[in-house]
Amino acid sequence: LERTFSIIKPDATKRNLTGSVNAVIEKAGLRIVAQKRIQMTRQQAETFYGVHKDRPFFGELVDFMISAPVVVQVLEGENAIAKYREVMGATNPANAAEGTIRKLFANSVGENSVHGSDAPETAAVEIAQFFAGNEIV
Ligand code: ATP
Ligand code: MG
């Protein structure tokens, strides 16, 4: 079984949608094997999205990620990384398929409700940024 890292972003937590997002995750056959609600620091958000630091939207993205609590998660399942990307839908909710989390809940490309790792290497790094091994059960 594969693991991926997920974030339920501030736009979703502010609208009290944590359980609704989790229902879609579980219905897709992914298991939530670690989860906590945290207020990200600016430093944590900048590190997390460091790959985007030269993009024009970086400042806005970091401000958004620290604008309210987020729920960080580890999801486990067969092909969890690709499966969760499919369940999330396209980055821009306007392009997201019916039934995906972003189609159901997201309002814009910036405030798009969830994050999911894009490869095994990034999943491992992202999980380790937020969880100790013994917190994943
Ligand atoms: P994530 O990494 O959050 O799972 P993603 O892999 O679908 O999303 P990326 O290209 O990695 O998309 O972009 C990271 C995040 O940066 C997006 O989820 C979105 O919140 C924000 N973002 C991306 N493109 C834009 C944009 N053009 N304008 C504003 N924000 C953007
Ligand atoms: Mg990404």
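The values are calculated or read from the model by the stated rules, or taken from the named source; none is laboratory data. Owing to the predicted nature of the structure, the values given are computational and were not obtained by experimental measurement. Cβ atoms come from the backbone with ideal geometry, glycine included; neighbour counts cover every protein chain shown. Heads up: the accessible areas ignore ligands, DNA and RNA and are worked out on the full protein's heavy atoms, side chains in. Shrake-Rupley method; radii C 1.70, N 1.55, O 1.52, S 1.80 Å.
Scanning the range 99-137 for residues that are among the charged types (D, E, K, R), within 16 Å of ligand 2 (Cβ to nearest atom) and out of contact with any Asp or Glu (no Cβ under 7 Å at 6 or more places or on another chain) gives Arg102, Asp118, Glu121, Glu126. Picking from residues in the range 21-38 that are over 14 Å from the mean Cα position of the chain (by Cα) and not aliphatic (A, V, I, L, M), the one that is farthest from Phe130 (Cα to Cα) is Lys27. Scanning the range 54-79 for residues that are within 14 Å of ligand 1 (Cβ to nearest atom), within 26 Å of Glu2 (Cα to Cα) and either among the polar types (S, T, N, Q) or open to solvent by 40 Å² or more (accessible area, probe 1.4 Å) (or both) yields a single hit, Gln73. Which of the residues belonging to the range 91-101 are part of a helix (DSSP H, G or I) and open to solvent by less than 70 Å² (accessible area, probe 1.4 Å)? Residues satisfying the conditions are Pro93, Ile101. Picking from residues in the range 125-137 that are farther than 16 Å from Gln44 by Cα and open to solvent by less than 70 Å² (accessible area, probe 1.4 Å), the one that is farthest from ligand 1 (Cβ to nearest atom) is Gly133. Among the residues making up the range 106-122, those that are touching a helix residue (DSSP H, G or I) at 6+ places or on another chain (Cβ under 6 Å) and outside any loop (DSSP other than H, G, I, E, B) are Val114, Gly116.
Looking at the range 54-87 only, could you name the residues that are of a type in the set (Lys, Arg) and either within 18 Å of Thr13 (Cα to Cα) or not in a helix (DSSP H, G or I) (or both)?
Within the range 54-87, Arg55 is the sole residue that qualifies.
Does at least one position in the range 102-115 carry a residue that is closer than 15 Å to Ile32 by Cα and open to solvent by 60 Å² or more (accessible area, probe 1.4 Å)? No, every residue in the range 102-115 fails to be closer than 15 Å to Ile32 by Cα and open to solvent by 60 Å² or more (accessible area, probe 1.4 Å).
Within the set Ala96, Ala82, the sole residue that is more than 18 Å from Ile32 (Cα to Cα) and within 15 Å of ligand 2 (Cβ to nearest atom) turns out to be Ala96. When Met88 is tested against (1) within 12 Å of ligand 1 (Cβ to nearest atom); (2) open to solvent by less than 10 Å² (accessible area, probe 1.4 Å); (3) in contact with a Phe, Trp or Tyr (Cβ under 9 Å, 6 or more places away or on another chain), just one condition goes unmet, and that condition is (3). In summary, no helices (runs of 4 or more DSSP H) completely within the range 10-53 bear 2 or more residues that are at positive phi and surrounded by 13 or more Cβ atoms within 10 Å (Cβ to Cβ).
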